[in-house]
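Here's the structure we're looking at; comments come further down.
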Amino acid sequence: MNTTTIQLPNHRHLLLRTRFQLLGGLTFAILLPALIRMSVDPRVIWSSNMQATIFAAFVAHTSGYLLYKRIGNFPGVAAAGYIFPTFALTYGLVFVTIFFFRFDYSRFQAAASFIQSTLWYFGLSIATRRLDPYRLAIIPGGDVDRLESISGVNWHRVSSPNTIVQYASGVVADLRADLSDEWERYIADRALSGTPVYHVKQIRESLTGRVEIEHLSENTLGSLNPNQAYLKIKQAIDWMSALFVLVVFSPLLVFVVIAIKFDSPGPALFRQKRMGYRGNPYEVYKFRTMKLGSASNDEKEEAITKIGDARITRVGRFLRTSRIDELPQAINILRGEMSWIGPRPEALVLSNWYEAELPFYRYRHIVRPGITGWAQVNQGHVAAVSDVLEKLHYDFYYIKNFSPWLDVLIVFRTIRTMLTGFGAR
């Protein structure tokens, strides 16, 4: 049998290796500042505060690198944009802990380590931007035709089972399709050679950040069950942070209440029945951002906020854009009805409408609804059924990939959303 070998450039460049990136970062960010200090005073390395700082910086740097790499694996993430917030988070947590326990540490060493950590990975991202294009070989047959429309990947369609594509990042096939014996042998040989083989649905989810449910199968729903251990840990973190927000930001909350009262007549808080965790209705609390008026005969239309909605007050428009109107939902979090991050809860009338129109809509209630979520930071506010179906695909991706790494990414994107006003109505 004659075989044709297509050689793509080997992307395993030295700069792309985990060992080089991490060891180089530790050397540049920790060892180099320590050597500079030692050049002035060689005895400084033996001081307890210097040793404690080096150890803390090692923990913060390694944690920051691992978090940065995990976040970079999620769809649509330009990893370089998350270098600074990621390392600010890990260094901040580590050195706040040190400060809390009153350990002595070197401020010069800590600051230099943080600054040089971000500089190292920014430099690497610039140097490697063109070195590691993601290359995937496509096996013809089944539902693979839509793949090439997904950007950010160099797609290479394999024309014959006699063609071997070397140095590809993986091989993609519709493993549910009725492939010929030759193609099945080809896929098996690629797997045996160490090349990852992906099902078309799996690779589409990882590249788009959406999970499309086709039918209620045991395997499909099983893969969507959230991590129960993290579910409990997350609830504890939610509760403590909600209590912190209500206590620390109480002056701001009082000021917002006064501003709403001066801006338009009516109560400062808006209450609405929404569908919650495990399909149980609950009453959500938000700052009122709309004028009080006569109730509409169409509950569904009244529950939908349109672009440029005339009911929104002057103060309300600012509260919506900045997302400050969401802060009273910390009360719902304390009551165990919500989380900071999760699928956005809908008004009961809208939830019932969507359930009647969209299969599997109820399954999004398997986790607690959130103030922000994966769909919100990717899609913004939507109401039409066709748009809600897209949101449902994002919600299912969140449930399937339920993890602290994805939650951290959503927090970073939510901050960006608050600064830009994306999706506000």
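With a 10 Å Cβ neighbour count serving as the proxy for reagent exposure, in which order, fewest first, do His156, His365 appear? Display every interim value, and only then the final one.
Values: His156 17, His365 20.
Lowest count first: His156, His365.
Any of Lys261/Lys291; Lys273/Lys400; Lys261/Lys286; Lys201/Lys400; Lys234/Lys400 with alpha carbons more than 18 Å apart? Name them for me. Distance filter (> 18 Å) returns Lys273/Lys400.
With neighbours defined as other Cβ atoms within 10 Å of a residue's Cβ, the residues Leu319, Leu93 order from fewest to most as Leu93, Leu319.
Work through the residues other than Phe87 whose Cβ is under 15 Å from its Cβ and net out their charges, Lys, Arg +1 and Asp, Glu -1.
Details: positive: Lys69, Arg70; negative: none.
So the environment of Phe87 carries a net charge of +2.
Before rounding to the nearest 500, sum -39500 (n - 2.57) across all DSSP H runs of length at least 4 in the chain and divide by the residue total; then give [θ] at 222 nm in deg cm²/dmol. Walk me through the numbers on the way to the answer.
Working: 17 runs with 213 residues, N = 425.
About -15500 deg cm²/dmol.
In plain terms, the C-alpha convex hull of region 135-208 casts an average shadow of 4.5 nm² when viewed from every direction. Scanning the chain for chymotrypsin sites (Phe, Trp or Tyr not before Pro) lying in DSSP loops with no more than 13 further Cβ atoms inside 10 Å, the longest uninterrupted stretch between such sites is 168-425. Recomputing Rg and Dmax of the Cα atoms in Å from the coordinates shown identifies the correct label among [x] 25.7, 83; [y] 22.4, 79; [z] 22.1, 72 as [x].
Charge dipole of region 14-128 (Cα centre as origin; +1 on each Lys and Arg Cβ, -1 on each Asp and Glu Cβ, all else neutral): 160 debye, rounded to the nearest 20.
Once you have the Cα-Cα distance between Arg43 and Met290, take 0.36 nm times their residue separation minus that, and quote the gain in nm to one decimal. Walk me through the numbers before you get to the answer.
Values: separation 247, 0.36 × 247 = 88.92 nm, distance 6.55 nm.
Full-extension gain reported as 82.4 nm.
By the beta-carbon count within 10 Å of each Cβ, the least crowded to most crowded order of Glu355, Glu205, fewest first, is Glu355, Glu205.
List the trypsin sites (Lys or Arg not before Pro) within region 40-118 that DSSP assigns to loop and that have no more than 14 neighbouring Cβ atoms inside 10 Å.
Working: sites: Arg43, Lys69, Arg70, Arg102, Arg107; in loops: Arg102.
Counting only loop positions with at most 14 other Cβ atoms within 10 Å, the trypsin sites (Lys or Arg not before Pro) in region 40-118 are Arg102.
Connecting C-alpha atoms closer than 10 Å in a GNM of the chain, tell me which of Ile71, Ile410, Ile45 has the biggest fluctuation. Checking each option, the largest mean-square fluctuation is seen for Ile45. By DSSP, the beta bridges lying fully in the chain are antiparallel in about 35 percent of cases. Here, region 14-128 is characterised by an Rg to Rh ratio of 1.00, where Rg is the alpha-carbon radius of gyration and Rh the Kirkwood radius.
Please sort through the DSSP H helices of the chain and keep those with an alpha-carbon extent of at least 27 Å along the long axis and a Kyte-Doolittle average not below 0.5.
107-128, 228-248
When +1 charges are put on Lys and Arg Cβ atoms and -1 charges on Asp and Glu Cβ atoms, the dipole computed for the chain relative to its Cα centre reaches about 1460 debye. Remark: relative contact order (region 135-208) = 37 percent; criterion is Cα-Cα distance under 8 angstrom and separation of 6 or more residues.
Only the coordinates and a few stated rules stand behind these numbers; no lab work does. Note that the structure is a prediction, hence the values are computed from the model and not measured. Glycine gets a Cβ as well: all are built from the backbone with ideal geometry, and neighbour counts include every protein chain shown.
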